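The values are calculated or read from the model by the stated rules, or taken from the named source; none is laboratory data. Predicted, not measured: the structure shown is a model, and the values here were computed from it. Don't worry about glycine lacking a Cβ; one is built from the backbone with ideal geometry, like all the others, and counts go over all protein chains shown. For accessibility, only protein heavy atoms count, side chains too; no ligands or nucleic acids. Shrake-Rupley method; radii C 1.70, N 1.55, O 1.52, S 1.80 Å.
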Number of protein chains: 2
Amino acid sequence: MTKNFAIAPNAPATVRGGGVEQEQFLSILSREEAFRRFEAAVFPRPPASEQCALEDALGRVLAADLVSPIDVPPFDRSNVDGFAVQSNDLATRGQANPARLALNPETLACGVAPTLSVSSGTATPISTGGMVPRGADAIVMVEHTQPLEDDAVEVRRAASAGQFISYAGSDIARGEMLLRAGTVIGSREIGMAAACGLARLPVARKVKVAVLSTGDELAQPGQALGPASVYDTNGAIIAAAVFENGGVPDFLGAFPDDEDKLEAAMRAALATHDMIILSGGTSKGAGDVSHRIVARLGQPGIVAHGVALKPGKPLCLAVCEAKPVVILPGFPTSAMFTFHDMIAPILRRMAGLPPRAETRVSVRVPVRIASELGRTEFTMVSLVQGDDGLIAYPTGKGSGAITSFSQADGFLRIEALADHLPAGAQAEVTLFTPHLRIPDLVIIGSHCTGLDPVLAPLARDGLTVRSLSVGSLGGLAAAKRGECDLAPIHLYDPQTDSYNARFLADGLELVAGWRRMQGIAFRAGDQRFEGAGANEAVANALADPDCLMVNRNQGAGTRILIDRLLGQHRPGGYWNQPRSHNAVAAAIAQERADWGVTIEPVAKAAGLGFIPLTEESYDFVLVSARKQRSAVQAFLSALHAPESREALKQAGFRPA
Amino acid sequence: MTKNFAIAPNAPATVRGGGVEQEQFLSILSREEAFRRFEAAVFPRPPASEQCALEDALGRVLAADLVSPIDVPPFDRSNVDGFAVQSNDLATRGQANPARLALNPETLACGVAPTLSVSSGTATPISTGGMVPRGADAIVMVEHTQPLEDDAVEVRRAASAGQFISYAGSDIARGEMLLRAGTVIGSREIGMAAACGLARLPVARKVKVAVLSTGDELAQPGQALGPASVYDTNGAIIAAAVFENGGVPDFLGAFPDDEDKLEAAMRAALATHDMIILSGGTSKGAGDVSHRIVARLGQPGIVAHGVALKPGKPLCLAVCEAKPVVILPGFPTSAMFTFHDMIAPILRRMAGLPPRAETRVSVRVPVRIASELGRTEFTMVSLVQGDDGLIAYPTGKGSGAITSFSQADGFLRIEALADHLPAGAQAEVTLFTPHLRIPDLVIIGSHCTGLDPVLAPLARDGLTVRSLSVGSLGGLAAAKRGECDLAPIHLYDPQTDSYNARFLADGLELVAGWRRMQGIAFRAGDQRFEGAGANEAVANALADPDCLMVNRNQGAGTRILIDRLLGQHRPGGYWNQPRSHNAVAAAIAQERADWGVTIEPVAKAAGLGFIPLTEESYDFVLVSARKQRSAVQAFLSALHAPESREALKQAGFRPA
């Protein structure tokens, strides 16, 4: 029964059997070597281009140099409303000695071709944009003239040759290089092409990318989520990232781990697409199915499987019948990071796009970041503004978390030869977007859903808030270092049986937040708990050996409460110690545990029964030096506003 | 007949009559006041939103806060392939004293809900991504185990509570604020929504913008260009810019200056769109038609007409039945600049988009830039890297030129109270795109189409070239200041009857380019020139009073040649002095002149007859200090490559 599991996770497919810790790295390639092999197997390749209507060309990539077929303007053009004249007639004229010019009997409105020459002593009325007639070498503005009755005009200014004329080809000359192959077409390039009359442009053909998810556990967004199943995140995010990098994604859906069906789908996709991207199941067994198929899909086949890269070691790169075939790791952050690092550059090059512009910023890292020796490691970080520059916090939920990638501003790189980055180190962060928008308000500490109604008015007023969940103690440390405006904490001091105030330091002050009722959560209808008081409920739970609890992590305020409830007892489930109120509720709702201690709003949202125990105080440590900042003042106003207080009560909190 | 022209250009519609120079500025508003009035008439307005499928949501703007309806992960999840255990069983284990655990008879592959509890002394096989069963509080990795024959497993490591488990809700907790209203949805946001199972998102409804061009002179790209007509540039570029700023453009075409038809089109557009953008004809008369229609289209009507802004004074801003109606100036650079400065912010706000991020850089301005007192003036500039920072060259072809806008990197602002920016001044440039890509090679000087085949190999190799056409003397000055790598020049020295070499200074050297044959161009079949030698041709031209020439500007090498040909004669057309070879050819081809002096490739491209006179040398001034730069070396290789020489010959040049 264990055979399917006796495979080192992330090991190359050739290495099987448990416990072979040395062997599994044998064919792991460095990130650079893997990319080099992949690139060499894909390129060079003949560029694929097509004609595209001008109005559809936005964002496309020019496939050939464009040369202007005409002069722009196509003729000598008047830049003002006025009269086309011979400048010689006006060389010495002015207010005192105006010239009288006879009007030629035509008016050169826009689009009207002149039929008469301008000879000395005459003038032809001409509009801005009108075609300068034969014989004329200057335009006088209508403001510098006075109409005379007898089809003549008086001119009160001197004129110089060429004045108010844009000469043919002075903007763009016929035969001039207009736009080079490889240019990404924006509105400005559209304007250049339109001015030259080009209605169709040669553009690089878009790269058609088949996107497949694999895994028995996947449900598509919008479907009901079965037990033990998760929503397919990779399908949607990879399709979107393909589009952002010049590809046309074709999401073919999630495939269960059925080798025949998956192979049929991949062969069909290979015939009709330019590239295939699979995001593998997270388990090794599931991954092997994909790898076996790719290995027989076409030549040259797999060029790299296993890369000394974190996140992303299980990445598999192949080229089959000249088409890239990629198996991304199953975890979302691993999948997205490897896509951007290794796949997007290939896709962009196939699509004729230039490499993505990268913006780097210097940062200080406030906490130690561990790294694995021998692998280039990338850590996703969120940035906040400190007193002496940018501070980078690891988003830190691991590669299994979508938020690790989605909520990061960028990443920092730890070289393969380093085993950590020390706290306080300087580092360079590569941003995911070219612009870094420094948030107006930074909140670092313990998270609470009660924050949402308080922050809502700030968001409505256009203030941006960055909220980093690092726990109460991490928030307190950040506040002491001046890295945030506010640190929400709920720290219990057993000596004084009070919350929060005793943990302050110089330069910090406490702003009262709200109270959260903690209590025993259980599945509604469970007779061991339903209708019982707290002491009775705990006694019933301890008396039943089949009754499992779910605990909390060491250091949580709630854990202190639980340990007091249990005394010396260590019931089943005691070591199950998740780090959040929500995880406690989920364990009980899913019958993995029968009871635990959480807060009332969370228990209620999960549909659980609840026996109140005691309130904890969720307050805000305010960095005094930042108190007068307008975003902080806006926060304080919102915190005390009647609407926020009402919303907090509705959600089950008790505002202070 | 002149009545249609007796209107001060750009004056408000209420001010009519020629020569009223004071009055025309009476109702001109400052840029800030005009924008304030426009904004106040458009906002506040109820936000318009709609539901959008997740796969179509890329680039859309979230219209409401999103709260996660589930915990992510939805259950306590294994992060590795291995065995779910009770950590207490393994607390003191290691290589020396492995534990033997009995296997529970189920395997928790992904998507499989556990049915059995893990009790002390037992283990359940579990995949990465599998659901942690009741009773288990840790996962041991398969590598740290050895399968035993009798449905048991040996574990050789200690385990701590919670190891390799991601707890339910640890990534995203149920009820947690996921994404705020106003967020622009990128692939990362798609990932967040997918992880929570959201298949449809509330997004801001796109803003439907009707785009109309007006003017009798306009031809659409792809159509044949009639005499005196020009291609409609504004229609395509405005539609593209609308799209880039969150709108859905609907280009309704170009309308001739027919008041009834234009009004009918605008009333229809107003009924079915959220905004109308007209780009007016360039002439005052044409503009008045649009203004009269807008004035009666709906309340409150025109809020600003005439803005103290350059380019862009004729801008007209109106709001009719709560919908913005805008008449942009007719000239392309004026139209685009005012669109980006005054219209895009309104459009983006209507579309729920944040303001466009602006990047500013510090620059030095190498030349004096004149400015009109009393108007905020914006000058489009190209940037090059100098020895001590960025240098900003005005693109300088005026607001009538599409290239002034399209080839600029950004713009600098000259305040209303300044009448110029002195040469050498420091200034701030706002970039059109967030990234400034410093070109690999900078060429400043005289332009020649012969450059194109020489630069083509560089472009193929991914090198970026910036080529600024400022004439030979401007290029020489830039080279002396070290602002470019190469300055192409063709400067004639009458004293030595030679080109270019005598104009060098210390630190500069000359690289031979190619020769261009100058000669007399005429319409094929003109008996005054056909078959004649040069002297005979000029004599014939001078003998015919109806024969018009086209000259060149003072300072052009060609002008010296022409003056020698003419001696003391000043024939008709002498004062028509365009600044380029192409303008000379166009004037002759369009019968605005009969003969002139231009270079052979240009005359041939225009289908003209040609009588050779003398060659001019087009050479490159090289800044010696930059000679070893790889892009310069690549240029020199390309210049001397047989393919370039062959291409130059094909185009009618004679490589040195």
Selected residue (only one of B:PRO324, B:PRO329 is in contact (Cβ under 8 Å) with a residue 12 or more places away in the chain, open to solvent by less than 30 Å² (accessible area, probe 1.4 Å) and more than 19 Å from B:PHE43 (Cα to Cα)) = B:PRO329
Taking helices (runs of 4 or more DSSP H) that fall entirely within the stretch B:278-352, which contain at least 3 residues that are under 30 Å from A:SER166 (Cβ atoms) and over 21 Å from the mean Cα position of the chain (by Cα)?
-> B:284-295
Residues being open to solvent by less than 10 Å² (accessible area, probe 1.4 Å) and on the phi > 0 side of the Ramachandran plot - total across the stretch B:299-321 = 3
Failed condition for A:GLY424, given (1) crowded, with 19+ Cβ neighbours inside 10 Å; (2) assigned to a loop (DSSP other than H, G, I, E, B); (3) modelled with pLDDT of 85 or more, with all others met?
-> (1)
Checked against (1) at negative phi; (2) in a loop (DSSP other than H, G, I, E, B); (3) buried (at least 16 other Cβ atoms within 10 Å of the Cβ), B:ARG570 satisfies every condition except (3)
Matching strands (runs of 3 or more DSSP E) fully within the stretch B:150-262 where at least 2 residues are touching an Asp or Glu at 6+ places or on another chain (Cβ under 9 Å) | B:177-179, B:200-204, B:207-214, B:247-255
Residues that are surrounded by fewer than 22 Cβ atoms within 10 Å (Cβ to Cβ) and in contact with a helix residue (DSSP H, G or I) (Cβ under 7 Å, 6 or more places away or on another chain), drawn from the stretch A:367-395 | A:THR376
Spot the failing condition for A:ARG564; the list is (1) in a loop (DSSP other than H, G, I, E, B); (2) exposed (fewer than 13 other Cβ atoms within 10 Å of the Cβ), and only one is missed.
-> (1)
Exactly one of (1) among the polar types (S, T, N, Q); (2) touching a residue at least 40 places away in the same chain (Cβ under 8 Å); (3) open to solvent by 40 Å² or more (accessible area, probe 1.4 Å) is unmet by A:SER120. Its number?
-> (2)
Every pair of residues 6+ apart whose Cβ atoms lie under 8 Å, when the first sits in the stretch A:462-476 and is among the small types (Gly, Ala, Ser) while the second is part of a helix (DSSP H, G or I) and at pLDDT below 90 = A:SER472/A:GLY557
Out of all the residues in the stretch B:287-308, is one or more within 7 Å of chain A (Cβ to nearest Cβ) and touching a residue at least 40 places away in the same chain (Cβ under 8 Å)?
-> no
Does at least one position in the stretch A:95-103 carry a residue that is basic (Lys, Arg) and more than 9 Å from chain B (Cβ to nearest Cβ)?
-> yes
Those residues of the stretch A:26-63 which are open to solvent by less than 50 Å² (accessible area, probe 1.4 Å), over 27 Å from the mean Cα position of the chain (by Cα) and not small (Gly, Ala, Ser) amount to A:ILE28, A:LEU29, A:VAL42, A:PHE43, A:CYS52, A:LEU54
Scanning the stretch B:184-198 for residues that are open to solvent by 30 Å² or more (accessible area, probe 1.4 Å) and touching a residue at least 24 places away in the same chain (Cβ under 8 Å) gives B:VAL184, B:GLU189, B:LEU198
Any residue in the stretch B:199-211 that's buried (at least 21 other Cβ atoms within 10 Å of the Cβ): show its pairings with residues that are aromatic (Phe, Trp, Tyr) at Cβ separation under 7 Å, as long as the two are six or more apart or on different chains.
-> B:VAL211/B:PHE251
What pairs can you find where one residue is in the stretch B:39-66 and farther than 21 Å from B:MET177 by Cβ, the other is open to solvent by less than 40 Å² (accessible area, probe 1.4 Å), and their Cβ atoms are less than 6 Å apart, with a gap of 6+ or different chains?
-> B:ALA41/B:VAL303; B:ALA41/B:VAL319; B:VAL42/B:VAL319; B:VAL42/B:PRO324; B:VAL42/B:ILE346; B:LEU58/A:ALA240
Considering residues of the stretch A:166-180 that are facing chain B (nearest Cβ under 7 Å) and of a type in the set (A, V, I, L, M) only, the residue nearest to B:ALA586 (Cα to Cα) = A:ALA168
Considering A:LEU510, A:LEU548, which residue is within 14 Å of another protein chain (Cβ to nearest Cβ) and of a type in the set (A, V, I, L, M, F, W, C)?
-> A:LEU548
Test: residue in the stretch A:444-459 that is in the same structural domain as A:SER644 (by TED's automatic domain parsing), among the β-branched types (Val, Ile, Thr) and under 30 Å from A:GLU244 (Cα atoms) | no
Specify which of the listed residues (A:GLU244, A:GLU217) is under 22 Å from the mean Cα position of the chain (by Cα), facing chain B (nearest Cβ under 7 Å) and either over 30 Å from B:GLY607 (Cβ atoms) or surrounded by fewer than 21 Cβ atoms within 10 Å (Cβ to Cβ) (or both).
-> A:GLU244
Are there any pairs, at least 6 apart or on different chains, whose C-beta atoms fall under 9 Å, with the first in the stretch B:510-530 and not assigned by TED's automatic domain parsing to the domain that holds B:ASP546 and hydrophobic (A, V, I, L, M, F, W, C) and the second assigned to a loop (DSSP other than H, G, I, E, B) and open to solvent by 40 Å² or more (accessible area, probe 1.4 Å), and if so, which?
-> none
Matching residues in the stretch B:637-650 - criterion: being within 28 Å of B:LYS604 (Cα to Cα) and surrounded by fewer than 18 Cβ atoms within 10 Å (Cβ to Cβ) | B:HIS640, B:ALA641, B:PRO642, B:GLU643, B:GLU646, B:ALA647, B:LYS649, B:GLN650
Only one of (1) in contact with a Pro (Cβ under 7 Å, 6 or more places away or on another chain); (2) more than 7 Å from every other protein chain (Cβ to nearest Cβ); (3) hydroxyl-bearing (Ser, Thr, Tyr) is not met by B:SER160, so which one is it?
-> (1)
Checking B:ALA487, B:ALA479, B:ALA505 in turn, the sole residue that is in a helix (DSSP H, G or I) and closer than 19 Å to B:GLY386 by Cα turns out to be B:ALA479
Among (1) in contact with a helix residue (DSSP H, G or I) (Cβ under 8 Å, 6 or more places away or on another chain); (2) part of a loop (DSSP other than H, G, I, E, B) - the single one B:PHE83 does not satisfy = (2)
Which of the residues belonging to the stretch A:409-421 are more than 25 Å from the chain's Cα centre (by Cα) and outside any strand (DSSP E or B)?
-> A:ALA416, A:LEU417, A:ALA418, A:ASP419
Selection from the stretch B:85-117 of residues touching a Leu at 6+ places or on another chain (Cβ under 7 Å) and buried (at least 19 other Cβ atoms within 10 Å of the Cβ) yields B:VAL85, B:ASP89, B:ALA99, B:ASN104, B:PRO114
Filtered residue count, the stretch B:220-231, keeping only those that are facing another protein chain (nearest Cβ under 7 Å), surrounded by fewer than 18 Cβ atoms within 10 Å (Cβ to Cβ) and within 29 Å of B:VAL325 (Cα to Cα) | 1
